[in-house]
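*Asks:* Take this structure, written in structure tokens, and hold onto it; I'll ask about it next.
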């Protein structure tokens, strides 16, 4: 498989994970005003940025082919959000899934970064638990 193809997968999943984390961060910043969870998510997002060295990201971006991406159209699943909690949940899933893809594909391109991605993924599992507990407690108090 051409390296350019692998870099496209890495590019889209770095973007996807950072976008998902940003949505979650903004929910805790602006909606729930929970600075503890906001900071934890922000720290993960920045850790992800630090993992991708400049060369890897540059190569991945240069391999990008957004114009011809067969998955760029919005489908019905992306349009369904019932409330803030569903937006939160969907974006946590998006971030976790993309981190797992990065973990797998970096094994071929940049093996030394795999354990760092895995650590971020497991930290996100814990934060997800805290976030859902917070939302559950918040709903019970309303």
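Coordinate-derived values only; no laboratory data. These numbers come from a predicted model, not from an experiment.
*Asks:* Please compute, over every Cα-Cα pair in the range 3-141, the percentage with a separation greater than 24 angstrom.
*Replies:* Of the Cα pairs, 34 percent sit more than 24 Å apart.
*Asks:* As I understand it, the value is the acute angle between the Cα axis of helix 35-51 and the longest principal axis of the Cα atoms of the chain; what does it come to in degrees, rounded to 10?
*Replies:* 0
*Asks:* Between the range 1-51 and the range 122-142, what is the C-alpha centre distance in whole Å?
*Replies:* Here the answer is 18 Å between Cα centres.
*Asks:* A further question follows. Looking only at 113, 67, 39, which one moves most when the chain is put into a Gaussian network model with springs between Cα atoms under 10 Å?
*Replies:* Among 113, 67, 39, the largest mean-square fluctuation in the Gaussian network model of the chain belongs to 67.
*Asks:* Between 82, 65, 34, where does the largest GNM mean-square fluctuation fall for the chain, given springs only between Cα atoms within less than 10 Å?
*Replies:* Largest GNM mean-square fluctuation: 82.
*Asks:* Relative contact order for the chain using alpha-carbon pairs under 8 Å, separation at least 6, rounded to a whole percent?
*Replies:* 36
*Asks:* Given springs between every Cα pair under 10 Å in a Gaussian network model of the chain, which of 13, 91, 35 has the largest fluctuation?
*Replies:* In the Gaussian network model the winner is 35.
*Asks:* With 10 Å bins from zero, work out the P(r) of the range 1-72 over every alpha carbon pair and list the percent per bin.
*Replies:* Percent of Cα pairs in each bin: 19, 40, 26, 14, 1.
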